[in-house]
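Everything on this sheet refers to the single structure shown next.
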Amino acid sequence: AQTVTQSQPEMSVQEAETVTLSCTYDTSESDYYLFWYKQPPSRQMILVIRQEAYKQQNATENRFSVNFQKAAKSFSLKISDSQLGDAAMYFCAYRSVSGGGADGLTFGKGTHLIIQP
Amino acid sequence: NAGVTQTPKFQVLKTGQSMTLQCAQDMNHEYMSWYRQDPGMGLRLIHYSVGAGITDQGEVPNGYNVSRSTTEDFPLRLLSAAPSQTSVYFCASSTPRGLYNEQFFGPGTRLTVL
């Protein structure tokens, strides 16, 4: 079974600064998907960014980028130019490719991101 | 498209009561899942389905039943609610034909069992 570990229960950053959220995972599979989800107080799960394991290039979505280190099984999220609207819980998640990912996502415990004005 | 919808948004039960959490999707997705979210625990998979008539257990299935009679609906049943089932419940759907097999989440149901 896969496991996902987020070692930072809470992070704080000044508005306009850059912050990096850590995620490590354990798997015996060679191909898989990795995701970062944002959960604001409304509790809606919002997909922030995704990465396919077989792609070496790190994914980027506007101010959000990842540092994917497959050998180290590390998948960190970098948020540049932090904004007040980025304040939320952030979850790292793993999804198997085998079986079309039918058995859902494995989530980390989350990191609470605080943005200081 | 409404996406994934869940009802109710909030529910309070007494220990021993039964209820069904409703989930529906209008994207013709084959896969549907139920997760629960507890403080400090992230989301954990309860049950999932790969199509009408086919369901399977996830990480934390005890105390919950599911069935999938149509592609659109995937209800979650609590037969005898317990305080340990106090949680926020999320339904999600996806398709193996989709890019990254992305899961689409409903808005969640907050359940309190007294």
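Any read-out appearing in this document is the output of simple, stated calculations on the displayed coordinates, not a laboratory observation. All values derive from a computational prediction rather than experimental measurement. Cβ: placed from backbone, ideal geometry, glycine included. Neighbour counts: every protein chain shown.
Backbone amide hydrogens, once placed in the peptide plane, bring A:Met89 within less than 5 Å of A:Gln39, A:Leu113, excluding anything fewer than 5 places away on its chain.
Evaluated on the protein assembly as shown, the Kirkwood hydrodynamic radius is 18.2 Å, with distances taken between all distinct Cα atoms. Modelled spin labels at A:Thr5 and A:Arg63, positioned 7 Å past Cα toward Cβ, are 3.1 nm from each other. Going from the fewest other Cβ atoms within 10 Å to the most, the residues B:Ser93, A:Ser96, A:Ser74 appear in the order A:Ser74, A:Ser96, B:Ser93. When Rg and the Kirkwood Rh are both derived from Cα coordinates, the Rg/Rh ratio for region A:63-117 amounts to 1.05.
In terms of overall dimensions, chain B has a Cα radius of gyration and Dmax of 13.4, 42 angstrom. Using the Cβ-Cβ distance between B:Thr20 and B:Ala82 with R0 set to 22 Å, the FRET efficiency from 1/(1 + (r/R0)^6) comes to roughly 0.85. For chain A, excluding the exposed loop sites themselves (GluC sites (Glu not before Pro), DSSP loop, at most 13 other Cβ atoms within 10 Å), the longest remaining stretch covers A:30-117. Across all Cα pairs in chain A, the calculated P(r) in 5 Å bins from zero up to the longest distance comes to 2, 12, 23, 25, 19, 10, 5, 2, 0 percent per bin. Shape class of region B:64-106 from the Cα gyration tensor (axes a ≥ b ≥ c, square roots of the eigenvalues): oblate, since a/c reaches 1.5 or more and a/b does not exceed b/c.
Taking every alpha-carbon pair under 8 Å whose residues sit at least 6 apart, chain A reaches a relative contact order of 37 percent. In whole angstrom, note down how far apart the Cα centers of region A:1-62 and region B:59-114 are. So the two Cα centres are separated by 23 Å. Please compute the net charge surrounding B:Phe10, taking Lys and Arg as +1 and Asp and Glu as -1 over other residues with Cβ under 14 Å from its Cβ. Net charge in that neighbourhood comes out at +3. Note on region B:28-95: Cα-only Rg and Dmax are 11.8, 34 Å.
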